[in-house]
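**Q** Before I ask anything, here is the structure I am working with.
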Amino acid sequence: MSATASRISQLRALEAEAVFVIREVVAELVRPVLLFSGGKDSIALLQLAEKAFRPIPLPFPILHVDTGHNFPEVIEFRDRRVADAGHRLIVASVQASIDSGRVTEAPAGSRNRLQTVTLLDALEESQFDAAIGGARRDEERARAKERVISFRDEFGQWEPRAQRPEPWDLYNARIRRGEHIRVFPLSNWTELDVWRYIEAEQLELPSIYFAHRRRLLERDGMLLAESEWIAPRPDERVDEAIVRYRTVGDMTVTGAVRSQAADIATVIAETETATVSERGETRADDRTSEAAMEDRKREGYF
């Protein structure tokens, strides 16, 4: 078997596993929802969900927890992608959580941690018992501890020692009243797998995933886009550079990487030689402590 054929075979095996997981969740749970940010992983996840149920419509809605500080290109793509497919989109707003007093925004901080309350409120309001997300184990050490089916208690909290074993791809999705599960069909995928799947399926992505010129400032070793929420400090300056993004999120904590990769093939070539995960290289909120992600997940984060 050629190298290309082997890669395609591996992708189809990963695809089949993910489709199986999504179908199992719909078969066993009452009110699932799919988390969608407009990022590359959730784009691949949405494609898998659509494949799982074609030709019928998705049997669940799409949920985006919007910090209000997102890249405009991603929000435009999110709305267009969901509308073109005829899916139902629910936007849970962090700004609405702030306005209602559910959370308090720090004067100069990221809104990423605030997403937890907004997500849990959205799940409770619609009585969703399963949230299907695009997290992968290779992204970060806390996510490497996740099962495919991740149980959350009645407070939405995650306890890694309380998770159930999953031998031979056998998944136990039974829950008690008040509990819910998070489901990660891409658990066994890598960043490179996602990019190769996007190439094989010819999936459209937001333009910020490819090289473009942007005004940036360097802060704490990261290239942050100038915006209404990020302005240079007295000791910083704004310069233009050709960059792309490996991941998308809140503009205040998501860094760009210098790159000339203007198409998927070149991005794949860059990804093949990367030695740091996309979150490790470009997400400031994961650098606050050794256990930053795990702390947020224990509170109910994605």
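**Q** Among the candidates I98, I56, I62, I22, single out the residue that is touching a Pro at 6+ places or on another chain (Cβ under 8 Å) and assigned by TED's automatic domain parsing to the domain that holds L170.
**A** I22
**Q** Check whether at least one residue in the stretch 72-87 is in contact (Cβ under 8 Å) with a residue 12 or more places away in the chain, in contact with an Asp or Glu (Cβ under 7 Å, 6 or more places away or on another chain) and of a type in the set (K, R), and report yes or no.
**A** Looking through the stretch 72-87, none of the residues is in contact (Cβ under 8 Å) with a residue 12 or more places away in the chain, in contact with an Asp or Glu (Cβ under 7 Å, 6 or more places away or on another chain) and of a type in the set (K, R).
**Q** If you don't mind, another one. Considering S9, S42, which residue is assigned by TED's automatic domain parsing to the domain that holds A135, in a helix (DSSP H, G or I), of a type in the set (S, T, Y) and more than 16 Å from the chain's Cα centre (by Cα)?
**A** S9
**Q** Condition first: surrounded by fewer than 17 Cβ atoms within 10 Å (Cβ to Cβ), more than 20 Å from I22 (Cα to Cα) and hydrophobic (A, V, I, L, M, F, W, C). Can you find one or more residues in the stretch 92-107 that meet it?
**A** The answer is yes; a qualifying residue exists.
**Q** Mind checking which pairs have a first residue in the stretch 10-28 that is under 14 Å from G133 (Cα atoms) and a second that is of a type outside the set (G, A, S) and assigned to a helix (DSSP H, G or I), Cβ under 7 Å, 6 or more apart or different chains?
**A** These pairs meet every condition: A18/L48; V19/L48; V19/K51; I22/L48.
**Q** Can you find a residue in the stretch 33-48 that is modelled with pLDDT of 95 or more and more than 26 Å from R196 (Cβ to Cβ)?
**A** Yes, that holds for at least one residue.
**Q** Filter the stretch 237-256 down to the residues that are among the aliphatic types (A, V, I, L, M) and either touching a His at 6+ places or on another chain (Cβ under 8 Å) or surrounded by 18 or more Cβ atoms within 10 Å (Cβ to Cβ) (or both), then identify the one that is nearest to R113 (Cα to Cα).
**A** Selected residue: V253.
**Q** Then there is this: I'm told E218 meets every condition in (1) outside any loop (DSSP other than H, G, I, E, B); (2) in contact (Cβ under 8 Å) with a residue 40 or more places away in the chain; (3) under 20 Å from S277 (Cα atoms) except one. Can you identify the failing condition by its number?
**A** Exception for E218: condition (2).
**Q** Select from the stretch 133-182 the residues that are touching a strand residue (DSSP E or B) at 6+ places or on another chain (Cβ under 6 Å) and surrounded by fewer than 13 Cβ atoms within 10 Å (Cβ to Cβ) and list them in ascending order.
**A** none
**Q** Something else now. Which one of these is modelled with pLDDT under 95 and β-branched (V, I, T): I198, I175?
**A** From the options I198, I175, the qualifying one is I175.
**Q** In the set V82, V74, which member is modelled with pLDDT of 95 or more, more than 19 Å from Q127 (Cα to Cα), in contact with a Pro (Cβ under 6 Å, 6 or more places away or on another chain) and part of a helix (DSSP H, G or I)?
**A** That would be V74, the only listed residue that is modelled with pLDDT of 95 or more, more than 19 Å from Q127 (Cα to Cα), in contact with a Pro (Cβ under 6 Å, 6 or more places away or on another chain) and part of a helix (DSSP H, G or I).
**Q** While we're here: Any residue at all in the stretch 92-106 that is of a type in the set (K, R) and part of a helix (DSSP H, G or I)?
**A** No - not one qualifying residue is present in the stretch 92-106.
**Q** Does I62 satisfy the condition of being of a type in the set (V, I, T) and buried (at least 17 other Cβ atoms within 10 Å of the Cβ)?
**A** yes
**Q** Related question: When the residues of the stretch 49-71 are filtered to those that are among the β-branched types (V, I, T) and either closer than 20 Å to A130 by Cβ or not in a loop (DSSP other than H, G, I, E, B) (or both), which remaining residue is modelled with the highest pLDDT?
**A** Filtering first and then ranking leaves I62.
**Q** At pLDDT 90 or above and under 18 Å from E226 (Cα atoms), is that true of R258?
**A** Yes.
The values are calculated or read from the model by the stated rules, or taken from the named source; none is laboratory data. This is a predicted model, so every value here is computed, not measured. All Cβ positions, glycine included, derive from the backbone under ideal geometry; neighbour counts span all protein chains shown.
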